[in-house]
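The values are calculated or read from the model by the stated rules, or taken from the named source; none is laboratory data. As the structure is a prediction and not an experimental result, all values here were calculated from the model. Here Cβ is always computed from backbone atoms with ideal geometry, including for glycine, and neighbour counts include all displayed protein chains. These area figures cover heavy atoms from the full protein model, side chains too; ligands, DNA and RNA do not enter into them. Shrake-Rupley method; radii C 1.70, N 1.55, O 1.52, S 1.80 Å.
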Amino acid sequence: MVDWRSLGVKVFADVLRDSTRPKRSSRRRTTSRTRARTASSTQVRGRHLGYAPKLDGAADPGEIVWTWVGYEEGNGQGKDRPVLVVGRDGDELLGLMLSSNAGREGQRGWLGLGAGSWDAERRSSWIRLDRVLSVPEHGIRREGAVLDRARFDLVADALREDYGWR
């Protein structure tokens, strides 16, 4: 025989538990944050390089700016990162992300830049050469620094030699 009373208590407990759980949506979460969009590779997005930094509030090639960069997994997560602006494609900035992760030393596709004023702690940084970010101009949150011409030229030479930029 079915014990309806205990079955009712169990069903009520299940309903109560389910109603207090956070709802999971199968839809992708979006935010009001403007995100950098990535190209498939640096070779695909190869463009003309330029060096024309002017700390005037607008991002220019040769400047390191901060913007939100999504993780490669494409799971909607990411973080604010410094990005070296290397060119333009219409109203989109083309940039390369920086990392202060010392594990990047010697990794393929990464080039050591050393320390700079874009990092408040003056840690050494590495720049990723094989992943170009396309960032809407309004997606830049702040200018961080101007990369000196000698280091910009190292990045430009690597992009020309290994990825077909001009």
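Odds and ends about this structure:
- Here the simple spin-label model places points 7 Å from the Cα toward Cβ, and for Ser100 and Arg166 these points are separated by 3.8 nm.
- Once backbone amide H atoms are built at 1.01 Å from N, Leu113 has Ser125, Trp126, Ile127 as its partners under 5 Å, excluding neighbours fewer than 5 places away on the same chain.
- In loop segments of the range 49-111 as defined by DSSP, the GluC sites (Glu not before Pro) with at most 13 further C-beta atoms inside 10 Å of their C-beta are Glu72, Glu73, Glu105.
- Amide N proximity, the range 123-162 versus Asp91 label position 7 Å along Cα-to-Cβ, cut-off under 18 Å: 134-141
- Residues whose amide H falls under 5 Å from that of Ala145, counting only those 5 or more places apart or on a different chain, are Ile64, with hydrogens built in the peptide plane.
- Taken per residue, the accessible surface of the range 48-140 reaches 45 Å², heavy atoms only and a 1.4 Å probe.
- Estimated FRET transfer efficiency (Asp119, His48; beta-carbon r; R0 35 Å; 0.05): 0.80
- Under Karplus coefficients 6.51, -1.76 and 1.60, residue-wise ³J(HN,Hα) of the range 136-144 in Hz, glycine/proline x: x, 3, 6, x, 7, 8, 6, 7, x
- Once C-alpha pairs closer than 8 Å and six or more residues apart are averaged by separation and normalised to the residue number of the range 68-166, the relative contact order reads 22 percent.
- The amide H of Asp89, built 1.01 Å from its N in the peptide plane, has Leu94 as neighbours under 5 Å, considering only residues 5 or more places off or on other chains.
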